[in-house]
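Please read the structure below before turning to the comments.
The values are calculated or read from the model by the stated rules, or taken from the named source; none is laboratory data. Since we're looking at a predicted model, the values are computed, not measured. Glycine gets a Cβ as well: all are built from the backbone with ideal geometry, and neighbour counts include every protein chain shown.
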Amino acid sequence: MRVVIAEDLFLLREGLVRLLTAHGFEVVAAVASAPELLRALLDERPDVGIVDVRLPPTHTDDGLRAALQARRQVPGLPVLVLSQYVEQLYARELLADQAGGVGYLLKDRVFNDEAFTAAIRSVAAGGTVLDPEVVQKLMVRHSRTEPVTRLTPREHDVLALMAEGRSNTAIAQRLFISEKAVSKHAAGIFAKLDLALSDDDNRRVLAVLAYLES
Amino acid sequence: MLFAIVLLLTIGCIVFVLVREAKGVPRPDGLRGRIRDRGWGLLLLPVAMSAAAMAGGARGLIPAELGLAALAIIFAPKLAARLVPYGVLGLAVFGVHLANEYNNGFTSQTQYLFVHVVSRGPAQVPAGAGLVPAEAGALFVVGLWLLLRLDALGSGPVRTLAARWLNRCRGGISAAHALLLIPVAGLTMQLLGPGNWFGIQAVDGLDAAVIDLAVATAALVLIFRSRVWAATLAAAGLLVLGAYGWVITVFWPAVPGFAYGFSDLHNSPVPAPLWTDALEGSILLAAGLWLAPRVMRHHLADLPDPELAARARHLTQRVQTLTETRHDALDTAAAELRRIERDLHDGAQARLVAVGMSLQAAQRLFPASPEAALALVAEAKESSSLALTELRDLVRGIYPPVLADRGLADAIRALALDTPLPVELDLDLPGEVELPVASAVYFSVAEALANVTKHAGARTVRIQLSYSSGMLRAQVTDDGSGGADPALGSGLAGVERRLATFDGILAVSSPPGGPTILVIEVPCASSSPKISSC
């Protein structure tokens, strides 16, 4: 799988390159600034771009803006955005085009290399992966709004894991329940939130998020 | 008599018109409005009348000139107003001429303004003639003032000359200037000396010596004690004595002209001494005119200016406010630093120590029990993750990353998204405000939102942000239970202190039962909108 990495801190960049190479990814470009990133994404057309939010030249959210611009030119170009902090505002901007292939994770998630590489593959496959912290904030935000209060605690857990981009199988493993039970919970969630049922994992996540973002 | 009535009526009219104008009363219609439009031009009436009266005898002139003046006032009010200063100056010149005539034996009786000069017989100075030069002088001053006030033709050069004269001699007052008091005192002593003093044989012999001594002593004391007042007196004396020299020259023998400087009219035949009187008077006048602006400037600068005093009061108040807010700001900053230090010490630092210890233990255990070592490494990973979380929270409290990345509007948007309540946003910020102000406003709004979430029991919150004419305004409104008071909770008081550093204010309206409206206003500059570059 071909990967572009954008990270301005040398140690972290090299660490990422080493980690991904060790897991069989092909790093086609490792850049340190937003303009380089944009060029690399458009020229190399990688399977996924791994992007730090804060990049030169202005050291603000240049990385995020470069990723969004690349996605405007190449719709659905898979991008996994990493950051020292997560903001719902940025998550919302990344999800706005509804094209999928988006990830938004805290940098610490790199510590768990299996979950991290799984997230990369999921994004590359067009899935949506949100950091648990973002999901948690979304849930807190809507914990008092009417339909969400109707969810059972278990349905709540399933909804959170869905928003993190996990498949039914992963959710089942995580919650120690059967896959069938997960499907049942999912159906319950969709019914309570008045969302149309869909087979496609990504669409399902987007529907949930679209609802929560509303 | 008739003249005096006309003059007083006209002056009353003009004062009335000017006062109404100064008060900004709108112009009335009808006769009063038309009179008001004429303003200064009305003065042409008494001027014309006195000119006609002075033409002597030919009484038919009075209605003719009054008629002309009235026509000018009615049909060409602006021209009439412009003519007034020249008329007044002309009357003044005529007054001087008249006084001179009387001194030369002209005995016809004439009305000059308020003075009616009555002939007492040939070769005698008529009664009332002494007042003529005084009236002429007053008219001259009034005429000059009107010339400047009405911006009549010729006011420009007068104005320029006056300004140039006043602007001369920007330097201070030196001892040399004060020493000019010596010739002034000397001439005064001579004029006050023994002899016929304005027709009165008052001082003589010992009296004169005493006066001389007193004047000399006073002059010397003044020169040594206060050079400023010595110079002031010298300037005034030079002008008065110089003018007196000219008065002698022009009005002799009506004005007693005895020894004046180097000339002595008592003991010398005329007109040679008159000529030296004029020369001496001119020299003294020139010296006085040279010294006067310097002295005036000095005294004007010393005058307590009410505007300056108000400014000083304002500045004192400002310094007091700044001292207080700076003190508060330093306190807040110190408390903040203590909190950060404690958080780092108990949080991230401790976690990193734990990471090091776990890794050390894992290293030691690895040969004997790789399984146990792996568990320790996992523990270390967990600790470092926790340390990162704590650092993240700490950074958020110091300076929110979104504020750094995107500015105030987006930071408040992010804040609203993190609030577990529906938040309505109305953000209208044309540019970006200075970072310290943005940060203060951000944390103030954050505190307000936290209060709403915790205490208010509100269903919705509304945040408005706007910027107009140098003032950043944020308003947080909730439909909760109300009863918020900055004096009770430390949170809002902290917000107040934080804002005070930037001259900002916090206003809270929170009646029991709600709604609560919290308004923040901070004066600040706003830059042009950030151009997004990527």
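Taken over the stretch A:6-29, the criterion of being out of contact with any Gly (no Cβ under 8 Å at 6 or more places or on another chain), surrounded by 13 or more Cβ atoms within 10 Å (Cβ to Cβ) and assigned to a strand (DSSP E or B) is satisfied by A:VAL27, A:VAL28, A:ALA29. Restricting the stretch A:30-53 to residues that are of a type outside the set (A, V, I, L, M) and surrounded by 24 or more Cβ atoms within 10 Å (Cβ to Cβ), the residue that is nearest to the other protein chains (Cβ to nearest Cβ) is A:ASP52.
Can B:ALA64 be described as of a type in the set (Gly, Ala, Ser), out of contact with any Gly (no Cβ under 7 Å at 6 or more places or on another chain) and more than 22 Å from B:ALA4 (Cβ to Cβ)? Considered against the rule, which asks whether it is of a type in the set (Gly, Ala, Ser), out of contact with any Gly (no Cβ under 7 Å at 6 or more places or on another chain) and more than 22 Å from B:ALA4 (Cβ to Cβ), B:ALA64 comes out as no.
Listed here are the residues, each with its yes/no results for (1) at pLDDT 70 or above; (2) outside any helix (DSSP H, G or I); (3) touching a Gly at 6+ places or on another chain (Cβ under 7 Å); (4) not assigned by TED's automatic domain parsing to the domain that holds B:VAL158.
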| residue | (1), (2), (3), (4) |
| --- | --- |
| B:LEU31 | no, no, no, no |
| B:PRO85 | yes, no, yes, no |
| B:ALA92 | yes, no, yes, no |
| B:LEU98 | yes, no, no, no |
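This table checks each residue for (1) modelled with pLDDT of 80 or more; (2) of a type in the set (Gly, Ala, Ser); (3) part of a helix (DSSP H, G or I).
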| residue | (1), (2), (3) |
| --- | --- |
| A:ALA160 | yes, yes, yes |
| A:LEU195 | no, no, no |
| A:VAL205 | no, no, yes |
| A:LEU209 | no, no, yes |
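Considering B:VAL476, B:VAL437, B:VAL522, the condition of being modelled with pLDDT of 85 or more, in contact with a Cys (Cβ under 9 Å, 6 or more places away or on another chain) and more than 14 Å from chain A (Cβ to nearest Cβ) is satisfied by B:VAL437 alone.
Considering A:ALA186, A:ALA181, the condition of being under 25 Å from A:LEU80 (Cβ atoms) and not assigned by TED's automatic domain parsing to the domain that holds A:THR117 is satisfied by A:ALA186 alone. Scanning the stretch B:215-255 for residues that are without any contact (Cβ under 8 Å) to a residue 60 or more places away in the chain, closer than 17 Å to B:GLY281 by Cα and among the aromatic types (Phe, Trp, Tyr) yields a count of 2.
Would you pick out the residues in the stretch A:54-71 that are outside any helix (DSSP H, G or I), within 9 Å of chain B (Cβ to nearest Cβ) and either crowded, with 19+ Cβ neighbours inside 10 Å or at negative phi (or both)?
In the first step, residues of the stretch A:54-71 are kept if they are outside any helix (DSSP H, G or I); the result is A:54-61.
Still in the list and also within 9 Å of chain B (Cβ to nearest Cβ): A:54, A:57-61.
Residues satisfying the conditions are A:ARG54, A:PRO57, A:THR58, A:THR60, A:ASP61.
State yes or no: is B:LEU421 farther than 30 Å from B:ASP346 by Cβ, within 14 Å of chain A (Cβ to nearest Cβ) and not in a helix (DSSP H, G or I)? If you could, list the steps in order and put the result at the bottom.
On the way: farther than 30 Å from B:ASP346 by Cβ: yes; within 14 Å of chain A (Cβ to nearest Cβ): yes; not in a helix (DSSP H, G or I): yes.
When the stated conditions are applied, B:LEU421 passes them.
Conditions tested, residue by residue: (1) more than 24 Å from B:ASP503 (Cβ to Cβ); (2) outside the structural domain of B:PRO436 (by TED's automatic domain parsing); (3) not hydrophobic (A, V, I, L, M, F, W, C).
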| position | (1), (2), (3) |
| --- | --- |
| B:ASP328 | no, yes, yes |
| B:ILE340 | yes, yes, no |
| B:ALA372 | yes, yes, no |
| B:ALA375 | yes, yes, no |
| B:ASP393 | yes, yes, yes |
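Test A:LYS137 against the criterion of being of a type outside the set (Val, Ile, Thr) and within 14 Å of chain B (Cβ to nearest Cβ), and give yes or no. Lay out the reasoning, then the answer.
Numbers: of a type outside the set (Val, Ile, Thr): yes; within 14 Å of chain B (Cβ to nearest Cβ): yes.
Against the criterion (of a type outside the set (Val, Ile, Thr) and within 14 Å of chain B (Cβ to nearest Cβ)), A:LYS137 qualifies.
All of (1) without any contact (Cβ under 8 Å) to a residue 60 or more places away in the chain; (2) surrounded by fewer than 23 Cβ atoms within 10 Å (Cβ to Cβ); (3) away from chain B (no Cβ under 12 Å) hold for A:ASN112 with one exception: (3).
Restricting attention to the stretch A:94-109, and to residues there that are in a helix (DSSP H, G or I) and more than 10 Å from chain B (Cβ to nearest Cβ), which single residue is modelled with the lowest pLDDT? Working first, answer last.
Just the residues of the stretch A:94-109 that are in a helix (DSSP H, G or I), to begin with: A:94-95, A:107-109.
So of that shortlist, the ones also more than 10 Å from chain B (Cβ to nearest Cβ) come out as A:94-95.
Details: A:LEU94: 88, A:LEU95: 84.
Looking at the filtered set, the residue picked out is A:LEU95.
Quick check: anything in the stretch A:72-91 within 11 Å of chain B (Cβ to nearest Cβ), part of a helix (DSSP H, G or I), of a type outside the set (Phe, Trp, Tyr) and over 29 Å from A:MET162 (Cα atoms)? Looking through the stretch A:72-91, none of the residues is within 11 Å of chain B (Cβ to nearest Cβ), part of a helix (DSSP H, G or I), of a type outside the set (Phe, Trp, Tyr) and over 29 Å from A:MET162 (Cα atoms).
A single entry from B:ILE412, B:ILE398, B:ILE463 fulfils the requirement of being within 27 Å of B:SER527 (Cβ to Cβ), within 11 Å of another protein chain (Cβ to nearest Cβ) and among the aliphatic types (A, V, I, L, M): B:ILE412.
Among the residues of this structure, B:THR389 counts as one that is assigned to a helix (DSSP H, G or I), closer than 30 Å to B:ARG339 by Cβ, within 11 Å of chain A (Cβ to nearest Cβ) and of a type in the set (Val, Ile, Thr).
The set of residues in the stretch B:230-264 that are in a loop (DSSP other than H, G, I, E, B) and either aromatic (Phe, Trp, Tyr) or at pLDDT 70 or above (or both) comprises B:TRP252, B:PHE258, B:GLY261, B:PHE262.
Only a single criterion out of (1) under 30 Å from B:GLY457 (Cα atoms); (2) not in a helix (DSSP H, G or I) is not satisfied by A:MET139, namely (2).
So is B:GLU434 surrounded by 18 or more Cβ atoms within 10 Å (Cβ to Cβ), charged (D, E, K, R) and outside the structural domain of B:THR325 (by TED's automatic domain parsing) or not? Answer is no for this residue.
Within the bounds of the stretch A:143-150, is there any residue that is in contact (Cβ under 8 Å) with a residue 24 or more places away in the chain, outside any helix (DSSP H, G or I), touching a strand residue (DSSP E or B) at 6+ places or on another chain (Cβ under 7 Å) and more than 11 Å from chain B (Cβ to nearest Cβ)? No, every residue in the stretch A:143-150 fails to be in contact (Cβ under 8 Å) with a residue 24 or more places away in the chain, outside any helix (DSSP H, G or I), touching a strand residue (DSSP E or B) at 6+ places or on another chain (Cβ under 7 Å) and more than 11 Å from chain B (Cβ to nearest Cβ).
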